[in-house]
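**Student:** Sending over a structure as structure tokens; questions will come in a sec.
The values are calculated or read from the model by the stated rules, or taken from the named source; none is laboratory data. Here the structure is a predicted model, which is why all the values come from computation and not from measurement. Please note: Cβ atoms are built from the backbone with ideal geometry, for glycine as well, and neighbour counts cover all protein chains shown. Accessible surface areas use protein heavy atoms only, side chains included; no ligands, DNA or RNA. Shrake-Rupley method; radii C 1.70, N 1.55, O 1.52, S 1.80 Å.
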Amino acid sequence: MADASHVFEAPPPGAGADWTIAQDWSGYSAQDHATWLALYERQMRVLEGRACNAFFDGLKALDLHGEGIPDFERVNETLQKLTGWSIVAVPGLVPDEVFFDHLANRRFCAGRFIRRPDQLDYLQEPDVFHDVFGHVPLLCDPVFADYMVEYGKGGQRAKGRGQLKNLARLYWYTVEFGLMQTRDGIRIYGAGIVSSATESVFSLESASPNRLGFDLERVMRTLYRIDDFQQVYFVIPSLDALLTATLQDFAQIYERLTLASDLAIEAIEPGDLVISRGDQSHAGRGDAAPVRL
Ligand code: HBI
Ligand code: FE
């Protein structure tokens, strides 16, 4: 998740030129591991019937439960065999070009710290639970794994054109807050949702947000907010469709985007496929359905 205010200017002491640091797994306290396990167990109760199969398949393949906070080295052995990806530890948000370079080379940047016990429900900076539980299971899926590589390569190009804000929206509405159409109904694949007990319920069941069919260019015009539940979710038909959409030449899209206006979060446009239209008079965090845990 991006929040520019936490971006360091240069690699902090102890970090390499690529901004990576050692995870220092033996440095976690018993409380840190207990926090991971509490979050893990809560999410497993919430996500049943809500997260997509690819997420559960990845979770099963990686075993992110037994040892508390997972040891990246152990996880990487499996992840590398499956899709060539690995997790690298970073001290916090890293600059965009560093982040993209890692993605393009199949390395996912993960925070190594874990939230405090009084922050179980909400924090803006990505911690190890969000980054590893939220993001890494999908990286076991070959199609999603390729999508993330394409995103990284695209990031490098978008930065060069000064159109990173458009591409960041694609990340936001897919990798972080994406929903997917499946035979069993709409399911979650976005990491910002699967790592949040309350938004997992809200994203699928609340009457307040709009749920719209995914359209690449439309998404890249849509503003987003980082401080509340989303008021619009974009629903992809499949992971294959998402990857295919990013394999086209973005040059023409960027040309059109320079002329197109940004779209408000709650906007519904003439070409939109409206899956459900939200009643936005109830917008906001207060609308969260109570989550019984
Ligand atoms: N750094 N650690 C970390 N995690 C991110 O998700 C991240 C980042 N730096 C930049 C960034 N994301 C953005 O460029 C993307 O969200 C678009
Ligand atoms: Fe994230």
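**Student:** For Phe113, what residues show an amide H to amide H distance below 5 Å, using hydrogens built from the backbone and excluding near sequence neighbours?
**Tutor:** Val128
**Student:** When N is the residue count of segment 48-184, what does its C-alpha Rg come to as a fraction of 2.2 N^0.38 Å?
**Tutor:** My calculation over the Cα atoms of segment 48-184 gives 1.05.
**Student:** So how long is each side of segment 25-292 along the principal axes, counting just the alpha-carbon atoms, biggest first, in Å?
**Tutor:** Principal extents (largest minus smallest coordinate, Cα): 53, 41, 32 Å.
**Student:** Show me, for segment 216-224, the HN-Hα J-couplings you get by feeding each phi into the Karplus relation (A = 6.51, B = -1.76, C = 1.60, θ = phi - 60°), rounded to Hz, glycine and proline as x.
**Tutor:** For segment 216-224, the Karplus-derived couplings read 3, 5, 5, 4, 5, 9, 8, 5, 9 Hz, x marking Gly and Pro.
**Student:** Show the residues, 5+ positions off or on another chain, whose built amide H is closer than 5 Å to the amide H of Leu263.
**Tutor:** Amide H neighbours of Leu263, under 5 Å, 5+ apart: Thr222, Leu223.
**Student:** Using Cα pairs closer than 8 Å and at least 6 residues apart in sequence, work out the relative contact order for the chain, in percent.
**Tutor:** 19
**Student:** Provide the packing ranking of 61-72, 208-219, i.e. peptides ordered by the mean count of other C-beta atoms within 10 Å per residue, highest first.
**Tutor:** My ranking of the peptides, most packed first, is 208-219, 61-72.
**Student:** Net charge near Leu164: determine it from the other residues with C-beta under 13 Å of the C-beta of Leu164, scoring Lys and Arg +1 and Asp and Glu -1.
**Tutor:** Net charge in that neighbourhood comes out at +3.
**Student:** What lysines could a cross-link reach from Lys165, if we take a straight Cα to Cα line under 27 Å and drop same-chain neighbours fewer than 8 places away?
**Tutor:** Result set, ordered by chain and number: Lys153.
**Student:** With both bridge residues required to lie in segment 165-290, what share of the DSSP beta bridges run antiparallel, to the nearest 5%?
**Tutor:** On the way: 6 of 13 bridges.
If we restrict to bridges inside segment 165-290, about 45 percent are antiparallel.
**Student:** Add +1 for every Lys or Arg and -1 for every Asp or Glu among the other residues with Cβ under 15 Å from the Cβ of Ser238, and state the total.
**Tutor:** Neighbourhood net charge equals -4.
**Student:** Rolling a 1.4 Å sphere over the protein heavy atoms, what is the accessible area per residue of the chain, to the nearest Å²?
**Tutor:** Result: 44 Å² of accessible area for each residue.
**Student:** At 222 nm, what value in deg cm²/dmol follows for the chain if DSSP H runs of at least 4 each add -39500 (n - 2.57) and the sum is divided by all its residues, to the nearest 500?
**Tutor:** -11500 deg cm²/dmol
**Student:** Pulled fully out, how much extra length does the chain show between Thr244 and Leu82, if you take 0.36 nm times their separation in residues and subtract their Cα-Cα distance?
**Tutor:** Length gained between Thr244 and Leu82: 56.2 nm.
**Student:** Would you grab the residues whose amide H sits under 5 Å from the one on Val88? Only those 5+ places off in sequence or on another chain, please, with H modelled 1.01 Å from N.
**Tutor:** So Val88 has HN proximity to Phe108, Cys109, Ala110.
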